[in-house]
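*Asks:* Here it is, the structure, as structure tokens.
The values are calculated or read from the model by the stated rules, or taken from the named source; none is laboratory data. None of the values given here were measured: they were computed from a predicted structure. As a convention, Cβ positions derive from the backbone with ideal geometry for all residues, glycine included, and neighbour counts pool all protein chains shown.
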């Protein structure tokens, strides 16, 4: 944990409270808000550590706050208190007493002496009696999601997922073909699907300062991302299409398995994110076309098409803990309909005899197995080959991927 310098402590707490407001309003995901909405972007690492800690322990923090407050604080004060309580209970970079003092001064500047007195009294009580850690799923996950998961997951699976949620995700990366991490990095290999080489490091700074990422020798990603790229048979593949490619992570995985003469087209609707795809290709010497287009706007015929579709992100809660708190049951039909539209558009680009991979980073059946059931019922020209659901664990994120093959006798529309 980075040590918080006294001169910056108020900026950290102020930015954390402001980012919380954006996330709670639904205006931004946590990652997006940290990327573009920080008043002090130089403090991103410290602010993100604080907020990731809050969302991992949100049920505990919120319960603790409700027990400390005689009356419910107004939203602005509640967000300030939530951030300060996270510092007091889970952060080592600032002493609890200092966290109290910073919060009190911010409250005084924004709400006057009365608000400062309320914050001071509440946080002094908090420092005197911090709560014990709670690890059971009932004390960790949002009630709405937990109720859903109890219908499809065992108690043992939920307990393991709860432990994974509370633990910060490890720093993992994939070594590009032909690159060996130097011994001084002191990295350890990580198991993954497919022929790829993933590693974990307890010292990300050493890895990042080496320049290997900038030079295209490594790519920072979770081992679960290899699942989709591990499924297709690549021996006869000459033309590949990734319909939701940005920023290019799964395209790079497929490229590593492709024959030298094969080509890949990376498409995505986001022009901004496709700039990242272009840079990822450029620094690896890949001259693949990068296209900005909706899936339904694409043309051509391909031996392999990957549809890694937008999803609820419930499988990547180790790296996006806010995703679980942004999940809304009533929004799921809209998400699944968009996914199905993309899957059908992707299917149109599959040549007879070609392969189609559908993937998400969700663990919700509606986004995964049920989509495949719906698609194959409507498209008998596609044969289901097989797939896998990975649940989030201490070793990797959650992911789903399924491989289908188009009949060589089918007539393309």
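*Asks:* Return the only residue of 225, 206 being in contact with a strand residue (DSSP E or B) (Cβ under 9 Å, 6 or more places away or on another chain) and either crowded, with 19+ Cβ neighbours inside 10 Å or within 25 Å of residue 180 (Cα to Cα) (or both).
*Replies:* 225
Results for (1) under 22 Å from residue 230 (Cβ atoms); (2) in a helix (DSSP H, G or I), shown as yes or no for each residue.
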position: 278; (1), (2): no, yes
position: 305; (1), (2): yes, no
position: 320; (1), (2): no, no
position: 331; (1), (2): no, yes
position: 356; (1), (2): yes, no
position: 359; (1), (2): yes, no
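*Asks:* Looking only at the range 264-277, which residues are surrounded by 17 or more Cβ atoms within 10 Å (Cβ to Cβ) and either touching a strand residue (DSSP E or B) at 6+ places or on another chain (Cβ under 6 Å) or more than 20 Å from residue 36 (Cβ to Cβ) (or both)?
*Replies:* Listed by number, the residues that qualify are 264, 265, 266, 267, 274, 277.
*Asks:* One residue is enough: does the range 254-270 have a residue meeting the conditions touching a residue at least 60 places away in the same chain (Cβ under 8 Å) and closer than 24 Å to residue 398 by Cα?
*Replies:* yes
*Asks:* I would also like to ask the following. Of all residues being touching a helix residue (DSSP H, G or I) at 6+ places or on another chain (Cβ under 8 Å) and in a loop (DSSP other than H, G, I, E, B) in the range 213-231, which is nearest to residue 384 (Cα to Cα)? Just the residue, please.
*Replies:* Filtering the range 213-231 for residues that are touching a helix residue (DSSP H, G or I) at 6+ places or on another chain (Cβ under 8 Å) and in a loop (DSSP other than H, G, I, E, B), the one nearest to residue 384 (Cα to Cα) comes out as 222.
*Asks:* Of (1) over 18 Å from residue 126 (Cβ atoms); (2) in contact with a helix residue (DSSP H, G or I) (Cβ under 6 Å, 6 or more places away or on another chain); (3) modelled with pLDDT of 95 or more, residue 18 satisfies all except one. Which?
*Replies:* Among (1) over 18 Å from residue 126 (Cβ atoms); (2) in contact with a helix residue (DSSP H, G or I) (Cβ under 6 Å, 6 or more places away or on another chain); (3) modelled with pLDDT of 95 or more, residue 18 violates only (2).
*Asks:* Quick one: in the range 361-380, which of the residues that are touching a strand residue (DSSP E or B) at 6+ places or on another chain (Cβ under 6 Å) and assigned to a loop (DSSP other than H, G, I, E, B) is nearest to residue 244 (Cα to Cα)?
*Replies:* So the residue we want is 361.
*Asks:* For residue 346, are the conditions met, namely being in a helix (DSSP H, G or I) and modelled with pLDDT of 95 or more?
*Replies:* yes
*Asks:* Might you check whether a residue that is closer than 21 Å to residue 169 by Cα and modelled with pLDDT of 95 or more occurs anywhere in the range 69-85?
*Replies:* Taking every residue of the range 69-85 in turn, at least one turns out to be closer than 21 Å to residue 169 by Cα and modelled with pLDDT of 95 or more.
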